[in-house]
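For reference, the structure is listed below as structure tokens.
The values are calculated or read from the model by the stated rules, or taken from the named source; none is laboratory data. The model shown is predicted, which means the values in this text are computed figures rather than measured ones. Cβ coordinates were reconstructed from backbone atoms using ideal geometry, including for glycine residues, and neighbour counts include every protein chain displayed.
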Amino acid sequence: GGTPKTPAVENAAVRGGRGSGGAASLSGDGGDGAGDGDDGEAPRVVPIGSARRSDPANERFVGNAVSTQKYNLVTFLPRSLFEQFRRLANCYFLVISILMLIGTENPAIFDSPLSPYSTLGPLVLVLTITIVKEGAEDLKRFRADREVNARRARVVGDDGAMLDVAWDDLAVGMVVRVDNRSEVPADMVVVWSTEGAEAGTPTCYVETSNIDGETNLKIREA
């Protein structure tokens, strides 16, 4: 009938949300908030341990899925064409091709000595090659995002058992186990670490080179 105990882990952290700049407050069933942020905003209270990505309470939080794509199936062609015609050279050759086409079809207005396709053909070829290249690069980004989002994280379940959860399914309030020398799957708050636990100051060391290029380890305390 009691609350199940969380198993001992090497390094554990709570998945936190992407805040607006103020300090976040986490509390359990009987815990106190961590205090107000420096900007005077009210602390944010997050129930810990029973979160699900599908819970209605998590709809107000940003998801943990990573997306670096520039396009999708609907926006690819119009956005790609828009990007191409932001270049002055492409606009110039398009205008010249239109003027040559008008002169060819309407000699009464002005007579064009050249076929419009002599300019329009190379322009279409260059645009096609560039758009195909953009699509191939965006497809690589999509596959890389899918690979990252499908990685598995170790989460403490309601009964204290360890569960495998995809990175994009992590939700605010989940207790996540992060092992030594492994990547951190989300924005987190450290709640426990075996390093320094006996001295009463659980501590871990984090490398943030993937974010800011810094290779020096940064100290994070629970």
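Residue count for the range 210-222 satisfying the condition of being over 23 Å from the mean Cα position of the chain (by Cα) and either of a type in the set (S, T, N, Q) or in a loop (DSSP other than H, G, I, E, B) (or both): 3. The residue that is farthest from residue 65 (Cα to Cα), among those in the range 170-209 that are small (Gly, Ala, Ser) and not in a loop (DSSP other than H, G, I, E, B), is 193. For the range 101-137, residues that are within 29 Å of residue 69 (Cα to Cα), among the charged types (D, E, K, R) and without any contact (Cβ under 8 Å) to a residue 40 or more places away in the chain total 2.
Restricting the range 75-103 to residues that are farther than 23 Å from residue 135 by Cβ and in contact with a helix residue (DSSP H, G or I) (Cβ under 9 Å, 6 or more places away or on another chain) leaves a set whose member that is surrounded by the fewest Cβ atoms within 10 Å (Cβ to Cβ) is 98. Looking at the range 112-134, can you tell me whether even one residue there is more than 20 Å from residue 186 (Cβ to Cβ), under 15 Å from the mean Cα position of the chain (by Cα) and modelled with pLDDT of 85 or more? No. Taking the conditions exactly as written (out of contact with any strand residue (DSSP E or B) (no Cβ under 8 Å at 6 or more places or on another chain), more than 30 Å from residue 184 (Cα to Cα) and modelled with pLDDT of 90 or more), does residue 96 satisfy them or not? Taking the combined requirement at face value, the residue does not satisfy it.
Within the range 58-85, the set of residues being closer than 20 Å to residue 166 by Cβ and among the hydrophobic types (A, V, I, L, M, F, W, C) comprises 61, 62, 65, 66.
In this structure, is residue 215 of a type in the set (S, T, N, Q), surrounded by fewer than 17 Cβ atoms within 10 Å (Cβ to Cβ), over 30 Å from residue 92 (Cα atoms) and touching a helix residue (DSSP H, G or I) at 6+ places or on another chain (Cβ under 6 Å)? So residue 215 fits the description; yes. Cβ-Cβ distances below 6 Å connect no pair with a first residue in the range 140-153 that is at positive phi, a second residue that is surrounded by fewer than 16 Cβ atoms within 10 Å (Cβ to Cβ), and a separation of six or more residues or different chains.
Within the range 71-100, residues that are under 19 Å from residue 117 (Cβ atoms) reach partners that are of a type outside the set (Gly, Ala, Ser) and modelled with pLDDT under 90 with beta carbons closer than 7 Å, at six or more positions or on different chains, in the pairs 93/119; 96/119; 97/116; 97/119; 97/120; 100/114; 100/116; 100/119.
Which of the residues belonging to the range 119-152 are surrounded by fewer than 12 Cβ atoms within 10 Å (Cβ to Cβ) and small (Gly, Ala, Ser)? Once the filter is applied, which keeps residues that are surrounded by fewer than 12 Cβ atoms within 10 Å (Cβ to Cβ) and small (Gly, Ala, Ser), the range 119-152 yields 136, 150.
Here is a yes/no grid of residues against (1) in a loop (DSSP other than H, G, I, E, B); (2) within 20 Å of residue 81 (Cα to Cα):
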| position | (1), (2) |
| --- | --- |
| 110 | yes, no |
| 114 | yes, no |
| 122 | no, yes |
| 125 | no, yes |
| 138 | no, yes |
| 141 | no, yes |
| 148 | no, no |
| 163 | no, no |
| 168 | no, no |
